[in-house]
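Structure record follows, encoded as structure tokens.
Any read-out appearing in this document is the output of simple, stated calculations on the displayed coordinates, not a laboratory observation. Small disclaimer: the values here were computed from a predicted structure and weren't measured. Glycine gets a Cβ as well: all are built from the backbone with ideal geometry, and neighbour counts include every protein chain shown.
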Ligand SMILES: C[S@@+](CC[C@H](N)C(=O)[O-])C[C@H]1O[C@@H](n2cnc3c(N)ncnc32)[C@H](O)[C@@H]1O
């Protein structure tokens, strides 16, 4: 599958990752997203518990079952699954600052720490030491130019019968070059295939029982909540990042909401099984 975004090279993708994630825990995200939308969980994603509960339920996670998160960020997505379903979770993450923050948060919870492992690495090259019952990625595949290669990594990590779940911003039926360029410049989002392309690529990668669900309404609601929180927390956000940072959050929430409502982006949840 081609990248579906502007032509960028590996160095530019890495530079965008550093720009977006080297801060570790971003206090503006805490105010605009983690607290108001995700009840204090540090989920750097739109899907939140809707997607994580789906992963746990569809993959029958529980004690003795293993899940792998591709691109685990600050690690709360792994902590949530491990806590709620009692499973073991491995998170693989490229960015050192994200990983350091994830490990620091986990250190506060030794009981959970025994069932969670954060690994530094690139999901495209990391070799899993043992097979997983579930592999999932949330708001992350969209940051990797070669989606087919991510699916190949997921396949290698899954046990036969294991379940893959992805939740990603994707290209909507009316996506155009300006919307692709906005996603890249604003959020380091480079891959925006549409639902049909996701389905075809999952199938070509050998996955079966493919289901794709459109969660765009949740994304629109997400950005409305982000806007409301940004307005409500104006003085705190200005104190942290200045008025420019505050206003940038407002315009970003509006721009994403507009792209979703116009059908230029979709928020998709895909699931499939490795036979
Ligand atoms: C939007 S955040 C999502 C983090 C986490 N999945 C969550 O929902 O909270 C995307 C993460 O993907 C990571 N990432 C991007 N490309 C990666 C790669 N090739 N290998 C591992 N991690 C990667 C970034 O460093 C970042 O932490």
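Just a few scattered comments:
- If the chain linking residue 185 and residue 200 were pulled fully straight, counting 0.36 nm for each residue of separation and taking away their Cα-Cα distance, it would gain 2.7 nm.
- Mean ellipticity per residue at 222 nm, deg cm²/dmol - from DSSP H runs of n ≥ 4 across the chain, formula -39500 (n - 2.57): -14500 deg cm²/dmol
- Each peptide in 57-66, 25-34, 126-135 gets a packing score, the mean of other Cβ atoms within 10 Å over its residues, and the list from highest to lowest is 25-34, 126-135, 57-66.
- Rounded if a/c under 1.5, otherwise prolate or oblate - the chain, Cα gyration tensor axes: oblate
- Computed FRET value (nearest 0.05) for residue 208 with residue 23, which takes r as the C-beta separation and R₀ as 35 Å: 0.30
- Least to most buried among 225, 72, 203, 140 (fewest other Cβ within 10 Å first): 203, 225, 140, 72
- As a calculated quantity, the FRET efficiency between residue 7 and residue 174 at R0 = 22 Å, using C-beta atoms, amounts to about 0.50.
- Space enclosed by the convex hull of the alpha-carbon atoms of segment 93-167, per residue, Å³: 104
- Bridge orientation summary for the chain: considering DSSP beta bridges with both residues in this region, about 40 percent are antiparallel.
- The Cα atoms of segment 166-241 cover 51, 25, 21 Å along the three principal axes, with the biggest extent listed first.
- Estimated FRET transfer efficiency (residue 97, residue 245; beta-carbon r; R0 22 Å; 0.05): 0.75
- Short to long, the 5 Å bins of the Cα pair-distance histogram for segment 31-90 hold 4, 20, 31, 24, 14, 5, 1, 0 percent of all pairs.
- Computed over segment 6-128, the alpha-carbon pair-distance distribution with 10 angstrom bins reads 13, 42, 35, 9, 1, each value a whole percent.
- In this simple spin-label approximation, residue 58 and residue 127 carry label points 7 Å from Cα along the Cα→Cβ vector, and these lie 3.0 nm apart.
- Cα-based shape type of segment 87-212, given that a ≥ b ≥ c are square roots of the gyration tensor eigenvalues and the cut on a/c is 1.5: oblate
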